[in-house]
1. Can you order the peptides 125-131, 137-143, 156-162 by their average number of other Cβ atoms within 10 Å per residue, highest first?
2. Taking 0.36 nm per intervening residue step and subtracting the Cα-Cα distance, what contour gain separates residue 168 from residue 136 on full extension?
3. Just give me a number: lysine pairs in the chain, eight or more positions apart or cross-chain, with C-alpha atoms less than 27 Å apart.
4. State the percentage of accessible surface on the chain attributable to carbon and sulfur atoms; use a 1.4 Å probe and exclude ligands, DNA and RNA.
5. Could you compute the net charge surrounding residue 174? Neighbours are other residues with a C-beta less than 11 Å from the C-beta of residue 174; K and R count +1, D and E count -1.
6. Please give the per residue accessible area of the stretch 35-137, computed with a probe of 1.4 Å over protein heavy atoms only, in Å².
7. Just to verify a number: FRET efficiency for residue 56 and residue 76, C-beta to C-beta distance, R0 = 30 Å, to 0.05?
8. In the stretch 85-171, if the dipole is taken from +1 on Lys/Arg beta carbons and -1 on Asp/Glu beta carbons about the Cα centre, which of 117, 165, 92 is farthest to the positive end?
Amino acid sequence: ARFLVIVVAGLAPMCVDAQSPAELMANADQLGDRSDWRNAGPLYAKAEAEFHRTGDARNELYAKLGRLHRDLEDGSYKTVRGEVLRLLANPLTQSDPLLQIRALALLGNIDLNTNPAAAAEDWNKVLAIARKVGDQKWENRAKGELGLVAGVSGDIGSAALALYGAISKAEQLGDI
């Protein structure tokens, strides 16, 4: 039995290599939804490279935004923020609500740590886009993040209500 475990463990990296870029990104998204950016980052990077190789610019940007979450853990807020702003200016991002949401959510996370007023603006944009496209998960996440912004800004009552509501709604939606 011990030999089988070693063989299976040895094959695991080959299974990851055999995944399509879409499968890599789906696996990375599952990890990202749990805020496991350390493990999601390499999958996003691999998907990003494959989408670039095949000329799929939209999914390349999507994967890049995921990878930037990981890069943020070891890098500079200023550097990643600049890259996100550049991606937000990309016409492809401007025409794709999901890319906008992903970019603004990353920007909101950065700004929450450096400029709560900017974070509120970022998350209000996420909320507006999510409402427009009917994305309940991101609408709820934006409301929760706006609760965090309220808390950081000293409005503990609003923060508590927003976070309680967002947690309850996340459970209803099955959003980790």
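1. Sorting 125-131, 137-143, 156-162 by mean packing, highest first, produces 137-143, 125-131, 156-162.
2. Residue separation times 0.36 nm, minus the Cα-Cα distance, leaves 10.2 nm.
3. 17
4. 58 percent
5. Residues close to residue 174 contribute a combined charge of -1.
6. 49 Å²
7. E between residue 56 and residue 76, to the nearest 0.05, is 0.55.
8. 92
The values are calculated or read from the model by the stated rules, or taken from the named source; none is laboratory data. Keep in mind it's a predicted model, so treat the numbers as computed, not measured. Quick reminder, even Gly has a Cβ in these numbers, built from the backbone with ideal geometry, and neighbours come from all protein chains shown. The area values use the complete protein model at the heavy-atom level, side chains included, leaving out ligands, DNA and RNA. Shrake-Rupley method; radii C 1.70, N 1.55, O 1.52, S 1.80 Å.
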